[in-house]
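What follows is one structure encoded as structure tokens, with my remarks underneath.
Quick note: the coordinates plus some simple rules give every number you see, no bench work behind them. The structure displayed is predicted, hence computed values, not measured ones. FYI the Cβ positions are ideal-geometry reconstructions off the backbone, even for glycines, and counts take in every protein chain you see.
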Amino acid sequence: MSTPLTSQEIIDLTAMYTYGTWRFQKNWKPLHIVDAEGCYFIEASGKRYLDFSSQLMCVHLGYKNQAVIRAIEEQARSLPYIAPGYATTVRAELSKLLLEVLPQGLEKFFFTTSGTEANEAAFKIARMVTGRTKIIARYRSYHGSTMGSIAATGDPRRWAMEPAGKIPGVIFAPEVHCYDCPIGHHYPECAIACAEYVEHMIENEGDVAAMILEPVVGTNGVLVPPKEYFPRLREICDKHNVLLIADEVMTGWGRTGKWFALDHWNVKPDILVTAKGITSAYVPLGLCATTMKIASYFDDHFFSHGHTYEAHPLTLAPAIAAINEYKRMNLIDRSREMGEYLGRKLDALKPKHPSIGDVRGLGLFWAVDLVKNRRTKKAFNTKSDKVNGVPMMVDKVAGQMMKNGVFVQAWISHFVIAPPLIVSKEEIDQGVEALDAALGLADAEVE
């Protein structure tokens, strides 16, 4: 019998033989995590961390939800795999559930194993159905890591792939960001100029197949649009026969206080992609959902897409369990209620800390912006700093929070605060208190 690996050996082997994602590999020393339950995960030393961001904004049900675990176990015993050309009970049952919770009109499904793959499917479908090429994305966005989805990603993770590592034909529009408008306007006097600019692009570019958007921008700042934005974009897309793709990988499954974020504005997309919370991240599953109008094109045209793990039974069973758990625990409404509490707690930090520029969010999905100068909105760091390995103020603050037992996602100049939907008020208090204590590091360096 081999000797069990020590925790240090596990860390060293992981760093030596596997890639750390989105980072410089030198000096990577990942924590060795051995357990997790509820809203906490535990490292080998026994230290517990409150997960204030649901890892990558995906563990919506928290850790060790027994219904989801049982679904995985039972499916592994009954039918661990069958090729996607066959019908399975879980495929049919999940499809029925999706018809209940997705925005009305999305009735044809392609299952993947990630949000990235779901976006790739959406791009291919849009181009095949329309016969056009260009995809409009936005600068503050993230849509995935493969050649299509990284091409549509506006944040600096795309830069290393320029130009050979991405597909051609993606163009960028300004994001909607009323706190710091990229085109220098002010809401509501702007008349949603950022949406009107999209129409200008469509009319002058030509050959536009689709526009892809995160309804609430995720990693790049939790940007919540004003109420007029998506209805106007829907009008523009309809006028020009451009497909509207909603990337709800991060915003779906109750994260914003609705099943899907577009439900806040009663807007129906032509294609919706999602992942993460569909299984609470217990098993990798993504979904590309389209209207029947789009699907009917392939009645007489070859559907040129697929992969070995499409509709994998082991990925579908936990999705059924997860959706039923969202319903059983009333987590969609709870996300809205607890989100209001979280928002009040975060707003209360702003008068105390001159380093906070803005606090914004929806449901249990919030961002706190850090600024070096609140008047000018100058940030401590830039996108170039991130890709060039310059130490980031948000990482410094997040590191202090980790010392105090709270994990939060930090990105360039803000924190993404998105705890599991089962989070309690006491746990929210714990997370906000850790942020409050750590912000002194940023306050000390404001101008």
Over 28 Å between alpha carbons, listed pairs Lys403/Lys425; Lys268/Lys425; Lys96/Lys268; Lys134/Lys239; Lys396/Lys425: Lys268/Lys425
Top of Ala379, Ala321, Ala15 by mean-square fluctuation, Gaussian network on the chain, Cα under 10 Å: Ala15
Inter-label distance, nm, simple model (7 Å from Cα along the C-beta direction), Glu340/Ala164: 5.5 nm
Candidates Arg334, Arg375, Arg234: whichever shows maximal mean-square fluctuation once the chain is modelled as a Gaussian network with Cα springs under 10 Å: Arg375
Dipole of region 66-328, positive direction: furthest Cα of Pro174, Ile278, Pro156, with charges on the beta-carbon: Ile278
Under 20 Å from the Cα of Lys124 - aspartates and glutamates, other chains or at least 8 residues apart: Glu107, Glu205, Asp207, Glu214, Asp238, Asp247, Glu248, Asp270, Asp299, Asp300, Glu310
Listed residues Pro269, Pro80, Pro30, most fluctuating in the chain (Gaussian network, C-alpha, under 10 Å): Pro30
Value of [θ]222 nm, deg cm²/dmol, for the chain, DSSP H segments ≥ 4, -39500 (n - 2.57) each, nearest 500: -10500 deg cm²/dmol
Share, in percent, of DSSP beta bridges within the chain that are antiparallel, nearest 5: 65 percent
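Over the chain, what is the mean sequence separation of C-alpha contacts under 8 Å (at least six apart), divided by residue count, expressed as relative contact order in percent? Mind dumping the intermediate values first?
Details: 844 pairs, mean separation 93.4, N = 447.
For the chain, the relative contact order is 21 percent.
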